[in-house]
Amino acid sequence: MTAAFFILAALTVAGTAAAMGLRNAVHCVLALTVGFAGVAALYLQLGAQFVGLTQIMVYVGAVAILAVFAIMMTHKPGEDQPRIFSSHWVVGGVVAAAVFSVLAWAISSSGTANQFPPPEPSVTVLAIGDSLMHTYVLPLELMGLLLTAALIGAVVIAMDRREETK
Amino acid sequence: MVGNGILKGLIETARNFFGSYVSKPRLTTVQYPEQREPQIEATRNFPFLVFDGPDWHAGMRCVACQICEKECPPKCIFIEKSKDKKPDAVGKPQAYPAVFNIDISVCMSCQICVEVCPFDAIKMDVEYDLPTDDRFAGLLFDKQRLSKSNEYYNRIHPTEAGAIDARFAEERAKAKATADAKAAAAAAAAAPQPQPAGEQK
Amino acid sequence: MTQMLDQIFVTAKLWLMGYIPAAAKPLASAILSVVPVLIAFPLLFAITTWLERKGLGRIQNRLGPNRTGPFGLLQPIADAIKSLTKEDIVPLRADHAVHFLAPVLLVLASFLGYAVLPIGRNMVIVNLDAGVLYFFAAGSVVELAVFMAGWSSRSKYSLLGAMRAIAQMISYEVPLVLASVVVIMQAGSLSTVAIVEKQTGYTGIFPHWFVFTPWGFVGFALFMIAATAESNRSPFDLPEGESEIIAGYYIEYSGFKFALFFLGEYLGMFATSGMAITLFLGGWTAPVSFLTWIPSYIWFFTKLVTLIAVFIWIRGTLPRLRMDQLMNLAWEFILPMALLNMLVAGVWHFMPSGILRWLVCTAIVATPCVLFSARLKRKKRLQVRTYIFAD
């Protein structure tokens, strides 16, 4: 429970609360990205390098970009919002409180969270790669197959237009 | 082979880069105003008035015939004839321009004034460095500003000036020859009765 | 003596750390490591702008700037003064908060990548176990900054430029990472320091750099092409080409924010070049064994300046690629070549060392290139053009 943890936790909570409460969709996505970055920093602070860096690369670098692309293509820019915060923050707050209570109960009733001092993380990138290639090779191959199917599907959808006009 | 064109392009630009330090065709920049491009002889910009001899006013070839003023297409020449006369380049008393202004903001360098002048008095100058901060009075050149010597004319357009000087010299020689012949004839005719006055030169 | 010169920055830092009380040691250590990078690379940026203008000028048969100071050396200072004193114009309907934060985020993300580059022997800011992964993670934040810049200006041109720029950056990030995966496969580690350590041997006078292997050479070429596209440099500068879309996503920026975008872009270029040097060109090692007495950081910066000169050379040579040509190149040529390169690296690893594996690997890598050029040389049948939107 160092100062770094509190700062990062405050950043994450503030980011996600803003993502819930802001009105402008782009501002929400950017605030959510701050929340993602806060979570990644928390992972790094715990010593889980691979997870933290992959969190940045996947969430900030890909998921956030996906969200902003979706907004860019569908949203009409230039709507002036008179108020900054949306009117649904009460419902959002209730849902967030419910999820938080469930997660907190689950974590506090598990064994590892109550050990003090917390056990040193012994997972390095080498160990992750090892287990991916030996223990979890079947899920890895299935994920690869799934991703290839998604890629081919995207190419087919994009290519359809060219076939039509021939 | 893939990438062949890119390699050829890269070699060419490398040759440009290193060649620009050693060969002139690969660095064609002329750093104005320290360096100037050489001009050909037929360069022209705005007109000037030619004068012979040391005095710009006494030796001015222009006799204010106003042909150039009438022929100028944009009417940029303003001439006022003088009331008195002065001897011209060959000695005959002629009028001279009291006011001779050219507005170079109007002048289009068409050279028609030069082509129609019967006295070879107005010629085209090559000077292009004419900045001024007054766009009305600064661009209206008067008689004195426009007058430049025949030596200057020989420097900027040697062939033309040489031809004109040769023609003038020839005319003067011919005039002198006829005058001498007349004088000799008059002297011969008047030999028995010499007349002290009325000798024509 | 050369050892002392080589480690002069490390010893200076240790000496300074001796004067700092124990409580402040971690913070002071971090600051002392970071500040030289914060000074050196913007200085290199200033030198690069001068180098670029003079270099491009000479390539294009003209002088570069030569009036500000001798040989125009004070031109970067003149540019800095100009960008600081220019009026900062923000469009009325722009999103002011996001508009302000976009260049800040860009420069921040660009600076973050320098934390894992080993600039000399024992001279890396932080030796992360997953250093290469950290570098690419920091690089992927740049796209978000580009989006912020394009969206917040609320202008059609900037939005279009931002979409193109993000699409280009995402498409070239995959070949960039795949081209570096071969090095990780061979070095067996994600740590940049370990990768450079693997390239420190010499056979005769030739170094063990990864670029001198078939898979390393192809990987280096692909990495450089992807790096050129990632930092929006010619010939991939359609999102910011002046004759195309007049500065694209930073069209509404002026003065110092524009200079920050410029800085961020060049810093990204230096960081990716630095990573290329670390992965393929042996980091801070000398190119020949009898020149190892020259300090390691001198070698790193020499290689960096050489790569920058190559970037400038390519900028002066090649015409700009159109958007669809750019994307086709990424997905149809560079990505398959990167995947093939990974196969070649695997073959190289498992074959016994000798001339045979050189021949086999070179053959595998050269075949698609030869086939591609043969296909390009064949006469194309012209298709009947159909227009989708204009009728």
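The values are calculated or read from the model by the stated rules, or taken from the named source; none is laboratory data. Bear in mind the structure is a predicted one, so any value in this text is a computation, not a measurement. Cβ: placed from backbone, ideal geometry, glycine included. Neighbour counts: every protein chain shown. Keep in mind that these areas ignore ligands, DNA and RNA; they rest on the heavy atoms of the full protein, side chains included. Shrake-Rupley method; radii C 1.70, N 1.55, O 1.52, S 1.80 Å.
Here are some notes:
- Filter result (surrounded by 13 or more Cβ atoms within 10 Å (Cβ to Cβ) and either more than 8 Å from chain C (Cβ to nearest Cβ) or within 17 Å of residue C:311 (Cα to Cα) (or both)) within segment B:1-11: B:6, B:9, B:10
- Those helices (runs of 4 or more DSSP H) lying entirely in segment A:47-166 with at least 1 residues basic (Lys, Arg), surrounded by 10 or more Cβ atoms within 10 Å (Cβ to Cβ) and modelled with pLDDT under 85: A:137-164
- When we screen C:297, C:266, C:250 for residues that are open to solvent by less than 30 Å² (accessible area, probe 1.4 Å) and over 14 Å from the mean Cα position of the chain (by Cα), the only hit is C:250.
- Residue satisfying all of: in segment B:119-147; farther than 17 Å from residue B:64 by Cα and assigned to a strand (DSSP E or B); least open to solvent (accessible area, probe 1.4 Å) among these: B:124
Here is a yes/no grid of residues against (1) surrounded by 11 or more Cβ atoms within 10 Å (Cβ to Cβ); (2) at pLDDT 90 or above:
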position: C:347; (1), (2): yes, yes
position: C:369; (1), (2): yes, no
position: C:381; (1), (2): no, no
position: C:387; (1), (2): no, no
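- Of all residues in segment C:208-236, those that are hydroxyl-bearing (Ser, Thr, Tyr) have Cβ atoms under 6 Å from Cβ atoms of residues that are modelled with pLDDT of 90 or more and open to solvent by 10 Å² or more (accessible area, probe 1.4 Å), 6 or more apart or on another chain, in C:231/C:265; C:231/C:268; C:234/C:315.
- Scoring residue C:73 on the criteria (1) without any contact (Cβ under 8 Å) to a residue 60 or more places away in the chain; (2) at negative phi; (3) touching a Lys or Arg at 6+ places or on another chain (Cβ under 9 Å) leaves a single failure, condition (3).
- Yes/no for residue C:334 being within 14 Å of chain B (Cβ to nearest Cβ), in contact with a helix residue (DSSP H, G or I) (Cβ under 8 Å, 6 or more places away or on another chain), touching a residue at least 24 places away in the same chain (Cβ under 8 Å) and buried (at least 18 other Cβ atoms within 10 Å of the Cβ): yes
- Scan of segment C:145-165 for residues that are within 10 Å of another protein chain (Cβ to nearest Cβ) and crowded, with 23+ Cβ neighbours inside 10 Å, ordered by number: C:146, C:147, C:148, C:150, C:151, C:152, C:153, C:162
- Residue check, residue C:289 open to solvent by 20 Å² or more (accessible area, probe 1.4 Å), over 17 Å from residue C:234 (Cα atoms), polar (S, T, N, Q) and over 14 Å from the mean Cα position of the chain (by Cα): yes
- Yes/no for residue C:374 being free of Cβ contacts under 8 Å to residues at least 40 places away in the same chain and either away from chain B (no Cβ under 12 Å) or loosely packed, with under 13 Cβ neighbours inside 10 Å (or both): yes
- Considering segment C:274-391, the qualifying helices (runs of 4 or more DSSP H), each wholly inside and each with 2 or more residues that are closer than 26 Å to residue C:42 by Cα, run over C:296-317.
- Within segment C:194-227, being surrounded by 22 or more Cβ atoms within 10 Å (Cβ to Cβ) and β-branched (Val, Ile, Thr) holds for C:195, C:196, C:213, C:218, C:225.
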